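Just below is one structure, and these are the notes that go with it.
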Amino acid sequence: MSQTTLAPRDQGAPDYTKYLHPLMAKNYGKWDYHERLRPGVLVHVGESGDKLYTVRAGSPRTMSADTVRKVCAIADKYCEGFLRFTSRSNIEFLVGKKENLDPLIQAVEKELGWPLGGTGPSVSNISHTQGWLHCNLPGSDAAGSVKALMDDLIEDFKNEQLPNRVHISSSCCQINCASHGDISIIVQHHHAPRINHKNMQICELPKVVAICPAAAIRPATINGMETVEVVEEKCMYCGACHGQCPSMEIRDAQTDTLSIWVGGKMSNARSAPTFMKLAVWGIPNNPPRWPEVSAAVKTILKAYKEGGKPWERLGEWIERIGWQRFFEKTGFPFTRYHIDDSPEALSTLNRSAMLRL
Amino acid sequence: MSAKEMALNTPMLNELESGDWPSFVTDLKAYSKKRPVVAQLLNQLEESYQTKWNYWQGKIINAPGYGGGIIARGSDKSDKYPGLANFHTVRVIEPPGWVYSTDALRDLADIAEKNGAGILQFHGMSGDVLLLGFDDAGSLQCAEDLMNNGWDIGGSGAAMRTLQCCVGQARCEMACYDTMKMTKHLTDTFIHYLHRPEFVYKFKFKLSGCPNDCANSIVRSDMPIIGTWRGAMQVDQKKVAEFIDQKGMEYLIDNVLTRCPTRCLSVRGKELVVDNSDCVRCMHCINVMHKALKPGKDRGATILVGGKRTLKIGDTMGAVLIPFIKLETDEDRDNFTDFVEKVWEFWNDNGMDHERIGEFIYRIGMLTFLKGVEIEPDPRMINRPRTTSYIKFEELGPSRFDGERQQNPPVWNRESEGRETM
Ligand code: HEM
Ligand code: HEM
Ligand code: SF4
Ligand code: SF4
Ligand code: SF4
Ligand code: SF4
């Protein structure tokens, strides 16, 4: 391996102006409107009359260098060498010449095998994280569970047949890298961390004591060793300590499960942004294809498709029909765990006499 | 790479090769012929699928002069998979808006392949490009090659993190400020804070050009910057009439007028009447009628503060801090960076270890925070005034002997730190 001469250079963000498609550079800040020509294909029209076509496809997010080069070869041929990615790991090929659209679509679908879609009222690509491929914390996989779920939802990715867009996120621990979505899948632990006292000397103890949201961790001396102990009554199995300290093992292959949450919305359109809420819990963590997750997500999407009004996001639909009806329509059991007991809990209770009876 | 050739043994992963969604397994299996260490990676992943157990441990490695950006991992099973003993990820600051030329992408692919396993991810939830699979020396050489070619490595730890923005003015007619330029400006101005973790905890910016918030800034960043406008939106009545002719009056009523959260839209004949004084700039009508309606001309952004996920006090959305700020000129941008430094100073001087700014505000209260960062209270910061009557009115406390008002002890005082009560 060659010698490194690395010194801090603090270069900052790349100069994006070099990476703008010529029509982007020319019409920067002067776009007039856009249209969806078909699922996965957009045209943006500038005030100048220029038309920039976008072909959006689902990418696997994780790619080999060779696949990246394949993508580049296609973009060189049809896209003047420019493309971009979206926040949900869709790829967007940018096309200046209309005659390149059809051959590009052919190449994306046939050569890469990546489906077109994710535009308008469809299920977009799933925000996800590292999982067993490369994180130190996961209780489940990320790329694999996303692949399995998108296989099952691909018709809703390729077609625009839902009331509004659906953002799904999938996280392999409660840190929840992938964040709130219309539908979110997260791992759930079911007992307090097991402490490896022998390994506990490796960092400053106060860090892990301070990270605990429930103040459940306290310094202790066990067999003459400085370590910590967990007050089981207080611990809420969040796993935050595990993120801080590898000796606080929270995961358990036998007991960990998945839960599905609904109604996260970050856009301000119509209603203020909202967090995701618990829908179903206790779903088995079942590699390699997690069929129980697919079934639950499909149940939610089916009910939403049937009941949602145009433009209504999943959470807005549920707020309109009421949670009681959401549980009726999906057949998911409403359990005592759906009632919040966190510090924010009091604001989630119905404090009115307004009920559907 | 000291990777020995290893036969693939991945029966469970192979089940992820069927179906219509692109399979990373198929890709990586093919690539493992070129980079044998990838076979070790897949075999270990297969073991995780079999046992539902994870085999990565966190490690620490830093490029000289940098305090983050390399996410170090080593396998518990390095006896069996020697190539995974050190298998780090390098975070690379992405081009704002995730725009690329193919030259830039090839460059990243070449650097990833030359120094490591040649696996790339577009993109991490942090916004960065992730390059996977470097040993210690490979990580440093990778960082060196990246910097030689004009890239820079991303943030991690208690630092300003890599920024993220929507495509904004580069390809969106809704954008109310230049998100890409602002992202580059903030990254470059504060690059010291990104590379050298010296905050009490992490700090994230995310930038969206309009309230559609495509960058999900409101919950995913400590300081969301969301484009908006003052005054009247732009209405092209001819295109309103075309919309009505095309979609019908009922569609307009059912999907636009009645869906406005503040009921500020009405229709006279085929003319749309907007009560701009009541419009809360939610974007809905503009999203539906995007040819006829546009954000107004006096554009800028709303600055919020404190968005984060659930650890420790529960999820918090960003809360309004500056209702409207212009972000057009270099001077506007510099004024904003000055303000950010003031916020950081107050938070870092008074925040506790591991306390995100949203948690800090939760602890000390928004009114104390506003005082600390010298922002005047504004009714647009709240949904409703307080309902609890226990208030420390500074103006109304008893006078002291020298005629001065009593000073209430500041709530953010470090002496209140900690939970120990004895
Ligand atoms: C050996 C003697 C003592 C022990 C081991 C002890 C232990 C504790 C513990 C464990 C707590 C609960 C802390 C928490 O969960 O936050 C507590 C709270 C408290 N103790 Fe003690 N204590 C002792 C003596 C005293 C004495 C002598 C007083 C008063 C003169 C006292 C007054 C209090 C008060 C007022 C609280 C409640 C503080 C609060 O809720 O903020 N304690 N004590
Ligand atoms: C042997 C003597 C005492 C015992 C066993 C005792 C025990 C306790 C306990 C168990 C609590 C409840 C703590 C909690 O909620 O976590 C308490 C609260 C309290 N004690 Fe005592 N205490 C003693 C003496 C005193 C004395 C001498 C004072 C005052 C001079 C005092 C003042 C208070 C006050 C004000 C609280 C309420 C604190 C709060 O709610 O935050 N205690 N005491
Ligand atoms: S969600 Fe948790 S386990 Fe998954 S990548 Fe993020 S930190 Fe790791
Ligand atoms: S799992 Fe969470 S609540 Fe339990 S000890 Fe760890 S940090 Fe505290
Ligand atoms: S946030 Fe607004 S400006 Fe940015 S891409 Fe989305 S719609 Fe366009
Ligand atoms: S932007 Fe939203 S609040 Fe404003 S007029 Fe349109 S629908 Fe109403």
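Worth a mention:
- Using distinct alpha-carbon pairs, which all enter the 1/r mean, Kirkwood radius of region A:194-249 in Å: 11.1 Å
- Average beta carbon contacts from partner chains per residue of B:173-180, 10 Å cutoff: 3
- Eligible aspartates and glutamates near B:Lys52 by straight Cα distance, threshold 14 Å, same-chain separation 8 or greater: A:Asp141, A:Asp252, A:Asp256
- For region A:18-112, convex hull volume per residue from C-alpha positions, Å³: 103 Å³
- Its alpha carbons considered, region A:124-281 gives a radius of gyration followed by a Dmax of 18.5, 64 Å.
- Take each residue in A:158-168, count the other chain C-beta atoms within 10 Å of its C-beta, and the mean is 0.
- Selection among B:His290, B:Cys260, B:Phe203 by position relative to the dipole of chain B gives B:Cys260 as farthest towards the positive end (Cβ unit charges, Cα centre).
- Taken as Cα centroids, region A:234-275 and region A:105-153 sit 20 Å apart, rounded to the nearest whole angstrom.
- Of all aspartates and glutamates in the structure, the ones whose alpha carbon falls short of 13 Å from that of B:Lys77, not counting any fewer than 8 places away in one chain, are B:Glu46, B:Glu47.
- Principal-axis tilt of helix A:143-158 within chain A, Cα atoms, nearest 10 degrees: 40 degrees
- Cα centroid separation, region B:219-239 to region B:334-349 (Å): 25 Å
- Only the Cβ atoms of Lys and Arg (+1) and of Asp and Glu (-1) were treated as charged; on that basis the dipole of the protein assembly as shown about its Cα centre amounts to roughly 1540 debye.
- For the residues of A:73-82, the average number of beta carbons from a partner chain within 10 Å of their own beta carbon is 3.
- Working value for chain B: equivalent-ellipsoid semi-axes of 44, 33, 20 Å, each the square root of 5 times a Cα gyration tensor eigenvalue, largest first.
- Debye intensity ratio I(q)/I(0), log10, region B:1-144, q values 0.09, 0.12 Å⁻¹ (C-alpha model): -0.28, -0.50
- Estimated FRET transfer efficiency (B:Thr51, A:Glu226; beta-carbon r; R0 35 Å; 0.05): 0.60
- Size of electric dipole in chain A: Cβ of Lys, Arg +1 and of Asp, Glu -1, about Cα centre, debye, nearest 20: 620 debye
- Ordering B:Val129, A:Phe334, A:Val293 by Cα displacement along the dipole of the protein assembly as shown toward the positive end leaves A:Phe334 in first place; charges were set at the Cβ atoms of Lys, Arg (+1) and Asp, Glu (-1).
- FRET efficiency, 1/(1 + (r/R0)^6) with R0 60 Å, evaluated for B:Lys392 and A:Arg36 via beta carbons: 0.65
- Cα radius of gyration and Dmax for chain A (Å): 23.9, 77
- Dipole-positive endmost among B:Asn276, B:Ile357, B:Thr51 within chain B (Cβ charges, Cα centre): B:Asn276
- Unpaired Cys in chain B, meaning no second Cys C-beta under 4.7 Å: B:Cys142, B:Cys165, B:Cys172, B:Cys176, B:Cys210, B:Cys260, B:Cys264, B:Cys279, B:Cys282, B:Cys285.
- From helices alone, the protein assembly as shown scores -8000 deg cm²/dmol at 222 nm; the rule is -39500 (n - 2.57) for each run of n ≥ 4 DSSP H residues, then divide by the residue total.
- Candidates B:Arg106, B:Arg386, B:Arg259, ranked by Gaussian network fluctuation over chain B, Cα under 10 Å, top entry: B:Arg386
- Fraction of alpha-carbon pairs over 35 Å apart in the protein assembly as shown - percent: 47 percent
- Straight Cα distances below 17 angstrom link B:Lys238 to the lysines B:Lys247, B:Lys270, B:Lys291, B:Lys294, with same-chain residues fewer than 8 positions distant left out.
- Its Cα gyration tensor gives region A:315-357 an equivalent ellipsoid; the semi-axes, largest first and in whole Å, are 18, 14, 10.
Each reported figure results from applying straightforward, stated rules to the coordinates on display, with no laboratory input. What you are looking at is a predicted structure, and each value in this text was computed from that prediction instead of being measured. Positions of Cβ are generated from backbone atoms using ideal geometry, with glycine treated the same way; all protein chains shown enter the neighbour counts.
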